[in-house]
Amino acid sequence: MLHAKRNDPPSRQYEITEDGRALTAFSLRRGRVGARFTLHGVDYLVRTHRFSGSYELLGADGTAVATTDRVRRSWHMTCSGRVVPFSRTAAADREHTMLDDGGERVGAIRLTGHLRSEATADLPGLDSGLQVFALVVVLLRRRRKRAAAAVRGASLSGG
């Protein structure tokens with residue numbers, strides 16, 4: 001099981017541990033690039049496609065390792081010819097469930113902690129790089145929705 005925790009709640013820097021051992025760290029960046037992380041000596045880039053709402057995991061050579069379609073209530077991650085379905089199962093994007101081919105729950109990503117500053121991912125059958133990617137996607141989606149809500153709130157208040 002992966003556990004992501006923000007170093008300092010106002011920051012965008014997260015550390016990921018796997019079963020209590022340090023695995024990697026990443027920062028949720030603004031703009032086109034979503035996040036960068038290094039796992040087992042390999043650099044990865046999570047690229048955000050702003051207008052389509054999809055995400056890509058790029059390897060060190062720039063090739064796509066995994067992609068998602070638009071992340072909504074239900075979404076899919078495609079990797080190595082395999083399609084992994086996810087479904088949001090709690091309000092406010094607090095839980096995304098990984099489903100098997102029959103639609104049964106096999107894993108989950110949960111946002112926890114004060115101000116949702118922590119997250120856990122239990123995604124059996126996926127290698128650690130894909131688990132980190134799915135976790136980063138959910139965190140980026142949450143950040144995107146919060147930013148949109150802030151803009152709507154400011155425009156409604158006349159600010």
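Taking the stated definitions as given, is D101 modelled with pLDDT of 90 or more, outside any strand (DSSP E or B) and acidic (D, E)? First the steps, then the outcome.
Numbers: modelled with pLDDT of 90 or more: no; outside any strand (DSSP E or B): yes; acidic (D, E): yes.
Taking the combined requirement at face value, the residue does not satisfy it.
Filter segment 43-52 down to the residues that are free of Cβ contacts under 8 Å to residues at least 24 places away in the same chain and either among the small types (G, A, S) or in a strand (DSSP E or B) (or both) and list them by number. Before you say what the answer is, go through the steps one by one.
Step one: list which residues in segment 43-52 are free of Cβ contacts under 8 Å to residues at least 24 places away in the same chain, which gives 43, 45, 47, 49-52.
Correct list: D43, L45, R47, H49, S52.
If I filter segment 98-114 for residues that are open to solvent by 70 Å² or more (accessible area, probe 1.4 Å) and within 13 Å of the chain's Cα centre (by Cα), do I get at least one hit? So that I can check it myself, show each step before the final result.
The initial filter retains those residues of segment 98-114 that are open to solvent by 70 Å² or more (accessible area, probe 1.4 Å), namely 101, 104-105, 110, 114.
Subset that is within 13 Å of the chain's Cα centre (by Cα): 110.
Within segment 98-114, one or more residues are open to solvent by 70 Å² or more (accessible area, probe 1.4 Å) and within 13 Å of the chain's Cα centre (by Cα).
I'd like the residue in segment 115-124 that is touching a residue at least 24 places away in the same chain (Cβ under 8 Å) and open to solvent by 20 Å² or more (accessible area, probe 1.4 Å) and, out of all such residues, is farthest from S27 (Cα to Cα).
We begin by selecting, within segment 115-124, every residue touching a residue at least 24 places away in the same chain (Cβ under 8 Å); these are 115-123.
Filter once more, keeping what is open to solvent by 20 Å² or more (accessible area, probe 1.4 Å): 115-116, 118, 120, 122.
Values: L115: 17, R116: 15, E118: 13, T120: 16, D122: 21 Å.
Here the answer is D122.
Looking at L126, is it part of a helix (DSSP H, G or I) and either closer than 13 Å to L2 by Cβ or modelled with pLDDT under 75 (or both)?
Values: part of a helix (DSSP H, G or I): no; either closer than 13 Å to L2 by Cβ or modelled with pLDDT under 75 (or both): yes.
No.
The values are calculated or read from the model by the stated rules, or taken from the named source; none is laboratory data. On a predicted model such as this, the values are computed, not experimentally measured, just so you know. FYI the Cβ positions are ideal-geometry reconstructions off the backbone, even for glycines, and counts take in every protein chain you see. Ligands, DNA and RNA are excluded from the accessible area calculation, which covers all protein heavy atoms including side chains. Shrake-Rupley method; radii C 1.70, N 1.55, O 1.52, S 1.80 Å.
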